[in-house]
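**Q** Okay, here's the structure, questions in a sec.
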Amino acid sequence: MAAKQNSAPAAKKPSRSTLVSALLVAAAGGIVWFGTAGRGGAAPDSPRATETIAAAKPAQGYEVAVGRISQGSLPTRLVIGRAGIDTTIAEVGVVVDDGGRPIWETAWRAAGHHLDSALPGQPGNMVISGHVSVEDRANAAVFRTLDTVVEGDVIEVYSGETVYKYAVSRVSIVSPTTVRLLRSDQESLVTLITCTKDLKNRLVVVGKLI
């Protein structure tokens with residue numbers, strides 16, 4: 001997903017009630033995915049094709065519930081050899097803009113692990129998002145080459161020195177309002193999400209724990 005420099009007010013720190021409310025909104029299809037939406041009229045090679053509706057830089061120091069941390073360690077690094085992707089991972093969640101609207105936060109110079117999703121190696125769906133392009137060169141488009149990933153490729157997710165390997169089982173393009181990708185069951189999955197290059201849709205890569 002793309003980020004626009006200095007185009008949004010600072011985000012407020014999310015509360016647990018905000019997270020629950022925001023997820024309910026998402027289930028109804030009313031949430032704006034990750035705080036961004038593609039500019040429908042921009043051609044892929046136009047200057048505006050590297051912009052999206054404003055998303056603030058992530059707030060620092062989100063507290064994750066002690067119970068969740070005790071069940072597994074947080075992801076710290078993601079590597080996909082074929083695509084040349086090697087990025088750190090930061091925790092991201094739902095933030096509230098000045099209008100009171102819940103939006104998904106995006107990570108700064110890193111991929112973002114959605115703090116309400118599964119942890120590495122655990123049953124459930126571990127959701128990780130990242131930028132496909134950036135306007136601010138101080139930022140990083142960590143998923144710029146995610147579109148080169150194919151079925152069978154290996155996604156490595158590190159938690160400290162421990163590495164968990166996932167085999168890519170599906171690559172797809174969906175609309176920005178698709179929320180079923182956040183669903184979780186007992187299968188250990190990783191779901192990587194970014195914008196398509198024209199910023200109109202979402203590129204999704206799903207991997208199963210090896």
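Rule-based calculations on the coordinates, nothing more; no lab input. What you see is a predicted model, and the numbers here were worked out from it, not measured in a lab. In this analysis, Cβ positions are derived from the backbone assuming ideal geometry, glycine residues included, and neighbour counts consider all displayed protein chains.
**Q** With the crude spin-label approximation of a point 7 Å out along Cα→Cβ, what separation in nm comes out for Val174 versus Val79?
**A** Each label point lies 7 Å from its Cα, and together they span 2.9 nm.
**Q** Tyr164's amide H: which non-local residues (gap 5+, or another chain) put their own amide H closer than 5 Å, with H modeled 1.01 Å from N in plane and none for Pro or chain starts?
**A** Here Val157, Tyr158, Ser159 satisfy the definition.
**Q** In terms of the ratio Rg/(2.2 N^0.38 Å) built on C-alpha atoms, what value belongs to region 140-205?
**A** 1.18
**Q** Also, quick follow-up: For Asp185 and Lys165 in the same chain, what is the full-extension length gain: residue separation times 0.36 nm, less their Cα-Cα distance, in nm?
**A** So the extension gain works out to 5.3 nm.
**Q** Whole Å is fine, so just give me how far the alpha carbon centre of region 169-196 lies from that of region 128-142.
**A** With region 169-196 and region 128-142 each reduced to a Cα centre, they are spaced 19 Å.
**Q** If you don't mind, there's one more thing I want to ask. If you take the Cα Rg of region 64-210 and divide it by 2.2 N^0.38 Å, with N the number of residues, what do you get?
**A** This ratio for region 64-210 stands at 0.99.
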